[in-house]
Amino acid sequence: MRSCPTYGVSAACRRPAASPICFSSTRGFSSAAMHRDRRRLAILIAGGAYLLLAVGLIAHNIADIQGSAEVRALLLGYAYWPRLAVALLAGAALGLAGVLMQQVLQNPLAAPETLGVNAGAHLALTIGLLASPALHAAHPELLAIAGAFAAWGLIAAVGWRWRADPTTLILCGFVVSFALGSISSLLMLLNQQYLASMFIWGAGSLVEDGWSGVEQLTLRVAAGAIATAALARPLLILGFGDQQAKSLGLTKLLKPLLLAIAVLLSASVAAAVGIIGFVGLAAPHLARVLGAEKLGERLVAAPLAGAALVLLVDQLIQLLPPDQAANLPTGAVTALIGAPMLIFLLRRVPRLMLKTDGGLAASLGTGGARRPALVLAGLAIALALALALAFLVGRAPDGFGFYSAAFPWRLPRVVAACGAGLGLGVAGCLVQRLFANPMASPEILGIGGGVAMGLIAVLLLFADAGAELQLVGATVGALVVTGAILLLGLDSGFTPERLLLTGIAITALLDASSLLFLALGDPRSGQVLAWLSGSTYWVELDFAVLVLGAGIAGLLLAALAGRWLEILPLGAGMATNLGVPLHAARLTVLVLAAITTAAAALIVGPMSFVGLLAPHLAGLIGLRRAKPQLFGAAMIGSALVVFADWMGRVVFAPTELPAGVLSVLIGSVAVMGVAMGRRKAS
């Protein structure tokens, strides 16, 4: 028996003193256990409330079915119950696909919506309906799967490598989505009489007239779930990184195989019901917030969350009168619920840093051309040539030629296109330097969607809204959205993944609101639809001059803030140490970007891709300092939109194509070419 050195008695006979460290650890464990218990209780309460709501909605919708007993039985057996089953299956498939993509790519932003899968499936189905209606009717799933895999292959060819950084991967996904979406829009504009039904269907319609679609979707979802369960352990190891997976002997074919399962699930849903937006991105994050931290738990919880989300949205839609419910696509309405939910989840999901290796953009403020004035002079010459082409060259029954007599008719369109491109180029440069993120752009961050909502609000409130009032409404909408993104990004330091996730959520919410406005059949929806496509044929000269003036004013004011734009990308701490009034500088740059975006978006629509492309191309040719990049991006944006407007006038004459749609297509091709060139160089 040992003797105590202090008290001279046996230490074994003494009661050990309470250790403060042990006490605090015990208290910490107790606090964590209480937190887990509260979380479980909250989840149980929320789950119970959801079940009560869902059961109540289902019972109410069944009771609303009118007719005799035979008619009710037919409607229930061949319309209502198949629709309910499809809602559950589609949500579960998209939730599972989202988990697979995020786990394999180690990217919280990966989803069918952000990686071009849905856009590829939609384009393939559109082409199939035009080229082979019989094949489209008999085997739409084959077309959707082929289009989805083609889109994913295009992303790999453009800039994706298995070890590529997640930010570059998401950018490639956006580029491919924009390009394929612009092609789909062009086909719909050129074949409106054949593709009118694709408008509502493409937004996700769950209307069913039998069980055949349910049976086919059930088989594909079951096959995907079984394959995922069989590969659950390798899938878990892939989440530790490529090096760990390689050291444990995993074959390189596992990644393509698991991604193929996710693509098949997404394409099957697109073939069955159209594009159900946002579920594949929101469901995995919702599952994590509900406590599903482990992969096995997320593989179960994410499909359940996706199914619950789609079912709730669809049952809420069926509360409306039949004529309105038939025109409301479920896929668009899911964004109205999923987008605010995902914005809320941004503060709850663990912070995942996405380290980039430079991506597609040149580093801000480093290196650059030795003589930027010569580069700017070359851009000025290119812009002058584009303007001369747009003013003088046209197409007539006897072919191309110089038609100077048409100058007065072309003047408003060319001036408007020039001003819109200038404004978007400036706004893109401002936003990228404000957030110190080459992924940022007025379009991706949702500023264009804010312009859409501001314009819709003005048209609803004022019957005789003129150009000036429309510009005010568009500016207010852009400011509100940009301010919301700024506030939501402050706590995360504007990290790329949080910034992109917020922009995606807000863009989806605003786009869904615009689509619902169009689907409700308002008489003013034609004006909004024409604006969304980015056409310049309706522009008057005074309005064009107003847009050009707003772009030039934004450029000059941004040039005055050149020192701020040079320092802001260095970070808040460095900017404060160098004497920059951080809050005033951010607010000033934010307001300038919003105003120039609002003016430009009134011409080319909310999604032109110019704001992302122009600063990238300016940096690529050596204009990396703030002021030279501003002026270079302005001229590149102007030349791009002017050229797109000219192409829309002459390629399919006498049919005219909107400049906004062609800007997306031309800009996407240019960015993909830059990405492939950088990949070869690396």
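Any read-out appearing in this document is the output of simple, stated calculations on the displayed coordinates, not a laboratory observation. Computed from a predicted structure; not experimentally measured. Positions of Cβ are backbone-derived with ideal geometry, glycine not excepted, and every protein chain shown enters the neighbour counts.
Couple of notes before you dig in:
- Electrostatic bookkeeping for Pro82 treats Lys and Arg as +1 and Asp and Glu as -1; over the other residues with beta carbon under 9 Å from its beta carbon, the sum is -1.
- For the stretch 424-431, 3J(HN,Hα) per residue [Karplus equation, 6.51 cos²θ - 1.76 cosθ + 1.60, θ = phi - 60°, Hz, x = Gly/Pro]: 5, x, 5, 4, x, 5, 5, 5
- Total formal charge among the other residues, if their Cβ is under 13 angstrom from that of Val650, Lys/Arg +1 and Asp/Glu -1: +2
- Förster radius 60 Å - calculated FRET efficiency between Arg233 and Leu469 (Cβ-Cβ, nearest 0.05): 0.45
- Calculated FRET efficiency for the pair His583/Leu219, C-beta based, R₀ 45 Å, to 0.05: 0.20
- Amide H contacts of Gly394 (H built 1.01 Å from N, under 5 Å, at least 5 apart or other chain): Gly401, Tyr403
- Cα centroid of the stretch 371-395 to Cα centroid of the stretch 534-585, whole Å: 23
- Full-stretch length increase - Ala382, Ala156 - with 0.36 nm per residue and alpha-carbon distance subtracted: 78.1 nm
- Backbone phi angles across the stretch 222-236, fed through the Karplus curve with coefficients 6.51, -1.76 and 1.60 (θ = phi - 60°), yield HN-Hα couplings of 5, 4, x, 5, 5, 5, 5, 4, 5, 9, 5, 5, x, 4, 5 Hz in residue order; Gly and Pro are listed as x.
- Charge sum, other residues only, whose C-beta stays under 13 Å from Val545's C-beta, Lys/Arg counted +1 and Asp/Glu -1: -2
- Taking 18 Å as the cut-off, the amide N atoms of the stretch 244-272 that come nearer than this to a point 7 Å along the Cα-to-beta-carbon line of His139 belong to 264-265, 267-272.
- Each peptide among 419-429, 629-639 gets the average number of other Cβ atoms lying within 10 Å of its residues, and from highest to lowest they stand as 419-429, 629-639.
- Extension reserve of the Asp64-Arg395 stretch, reckoned as 0.36 nm per residue once the Cα distance is removed: 113.4 nm
- Relative contact order for the stretch 85-345: 35 percent, from Cα pairs under 8 Å spaced at least 6 residues apart, divided by residue count.
- Approximate spin-label separation Met574-Val300, in nm, with each point projected 7 Å along Cα-to-Cβ: 4.9
- Between Arg36 and Phe407, the C-beta separation translates, for a Förster distance of 60 Å, into a calculated FRET efficiency of about 0.25.
- Per-residue ³J(HN,Hα) for the stretch 649-657, Karplus 6.51 cos²θ - 1.76 cosθ + 1.60, θ = phi - 60°, Hz, x for Gly and Pro: 7, 10, 5, 10, 4, x, 6, 10, 9
- Residues Arg433, Arg220, Arg72 in ascending order of nearby Cβ atoms (within 10 Å, fewest first): Arg72, Arg220, Arg433.
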